[in-house]
Amino acid sequence: MTQLLIIDDEKAIRKTLSEILSFEGYKIDEAADGEEGLKKINDKEYDIILCDIKMPKLDGMEFLEKAKLLYPDTPIIMISGHGNIETAVEAVKKGAYDYISKPPDLNRMLITLRNATDKQHLVTQTKVLKRKVSKVHPMVGEGKAMQEIKDTIEKVSPTDARVLITGENGVGKELVARWIHEKSNRNTGPMVEVNCAAIPGELIESELFGHEKGSFTSAIRQRIGKFEQANSGTLFLDEIGDMSLSAQAKVLRALQEGKITRVGADKDIHVDVRVIAATNKNLLQEVENKNFRLDLYHRLGVIIIHVPSLNDRAEDIPKLVDHFLELIAGEYGQPKKEIEPAAIKALQEHTWTGNIRELRNVVERLIILSGKSITQKDVINFVLPKY
């Protein structure tokens, strides 16, 4: 149901509009002047606002200016019995969706409200689509560890230095890699991702370097590998600690010489690729266990960025929760839910085994299962483990 706020100092007009528009299916709140209207929009999100111009305390034009600064996407329709063409033009210039003279023509008002509702829905859908196609999500957090990571990204991105990103599963290693690419001089080129843990050992070389037709039983056509696909851009090797030793040797050659050879071919292909790698393993321990090449480790780790677990950056949880509340509300096309400080504190005290990925899922769960706002009781019921 569309939430509509009527702001007018004349009680009789508020009552009349409220009765008519409630019958038309709008959910109505009222305010007697601009000051009360500002308090209302700060406490609650509205789809449309109907606002008189001549009012005591804070008039309609002043309200319009302040409201547009706070909520630029909310349609505000100005109504007045003292207006003229100049007033209407001024209102529209300041951001009003439309201007209606008193006494309002009911049919015109209903059409204007319907159009404003459609516009608001389109704005919401556009925001959702922009988030879905956005190349890089923001890096949320102002704690010391996150600030150091952001500073390192700013310094290393303009260079072609290889970067090794370490950290547990779900901490956001891929996001760090994407930001490095986005801020680099290669950002107009492709960023190609390879999950080394998801590709069987016997296929990883073909995936990375490509193969020629007939080079093995299932090679029915030529394949271009990820190194070639990432030419002039960035190749992100995720979970590189799971790569086979034979593939490691070929990656080392590609890094040393800037050229690769497709499986089943004898011709070298020169590639211009920046490599960023990530792992949740201790690669030096893997070197000791003879599962990873020490020379490749040193080639990859020109710059090492460690992304801490969520348990080590609990101070960032309030901002992360707020970010996910807004993001998920936009995806669902509904108003952002509020969360009580006690609920935030309970989330900060929780042990996060899945890190940022788990936190996002938890916030989505709380949005779905909680009431009007998210409480500490909701966290206890829907998040904390039950023994």
Can you compute the FRET efficiency between Glu174 and Asp43 using 1/(1 + (r/R0)^6), with r the Cβ-Cβ distance and R0 = 41 Å? Round to the nearest 0.05. 0.60
Mind listing which GluC sites (Glu not before Pro) in segment 159-246 are in a DSSP loop and have 12 or fewer other Cβ atoms within 10 Å? Glu202
Scan of the chain for trypsin sites (Lys or Arg not before Pro) in DSSP loops with at most 10 other beta-carbon atoms within 10 Å gives a longest site-free stretch of 1-134
Computed over all unlike Cα pairs, the Kirkwood hydrodynamic radius of segment 311-382 in Å stands at 12.1
Amide H to amide H under 5 Å from His306: which residues, 5+ apart in sequence or cross-chain, H placed 1.01 Å off N in plane? Thr166
Starting from the Kirkwood Rh over alpha-carbon pairs, what translational D in µm² s⁻¹ does the chain have by Stokes-Einstein at 4 °C and 1.567 mPa s? 51
What is the Cα coordinate range of segment 229-338 on the first, second and third principal axes, sorted by size from largest, in whole angstrom? 61, 33, 22
Links exceeding 20 Å between C-alpha atoms in this model, out of Lys27/Lys54; Lys345/Lys377; Lys150/Lys337, come to Lys27/Lys54; Lys150/Lys337
Just name one of Trp352, Ser157, Tyr46: the one whose Cα is farthest towards the positive end of the charge dipole of the chain (beta-carbon charges, Lys/Arg +1, Asp/Glu -1). Ser157
Using 0.36 nm per residue, how much length does the chain from Lys319 to Lys144 gain when fully extended, once their Cα-Cα distance is taken away? 61.6 nm
May I ask which residue of Leu122, Gly241, Leu366 lies farthest towards the positive end of the charge dipole of the chain, with charges of +1 (Lys, Arg) and -1 (Asp, Glu) on Cβ and the Cα centre as origin? Gly241
Let me check against my output: what whole-number percent is the relative contact order of the chain, with C-alpha pairs under 8 Å and at least 6 apart? 13
Quote the charge dipole size of the chain about the Cα centre in Debye, to the nearest 20; the model charges only the Cβ of Lys and Arg (+1) and of Asp and Glu (-1). 880
About its Cα centre, what dipole magnitude does segment 304-387 give when the only charges are +1 on Lys and Arg Cβ and -1 on Asp and Glu Cβ, stated in debye to the nearest 20? 220
Extended-chain gain in nm, criterion 0.36 nm per residue less alpha-carbon gap, His298 and Ser232: 21.5 nm
Of the candidates Pro72, Leu106, Ala254, the farthest towards the positive dipole end of the chain (Lys/Arg Cβ +1, Asp/Glu Cβ -1, centred on the Cα centre) is Ala254
Test of understanding: ordering Tyr46, Tyr71 by Cβ neighbours within 10 Å, fewest first, what list do you get? Tyr71, Tyr46
Rounded Å value of the spacing that divides the Cα centres of segment 169-223 and segment 340-383: 35
Determine the dipole magnitude for segment 15-98: charges of +1 sit on the beta-carbon of Lys and Arg, -1 on that of Asp and Glu, nothing else is charged, the reference point is the Cα centre, and the result goes in debye to the nearest 20. 100
Averaged across orientations, what area in nm² does the convex hull of the alpha carbons in segment 184-280 project? 6.2
Rounded to the nearest Å, the spacing of the alpha-carbon centers of segment 77-118 and segment 19-38 is 16
May I ask you to compute the full-extension gain from Asn195 to Arg162, defined as 0.36 nm times their residue separation minus their alpha-carbon distance, rounded to one decimal in nm? 10.1 nm
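Only the coordinates and a few stated rules stand behind these numbers; no lab work does. Because the structure is predicted, anything quoted here is derived from the model rather than measured. Heads up, the Cβs are rebuilt from the backbone with ideal geometry, glycines too, and the neighbour counts pull from every protein chain shown.
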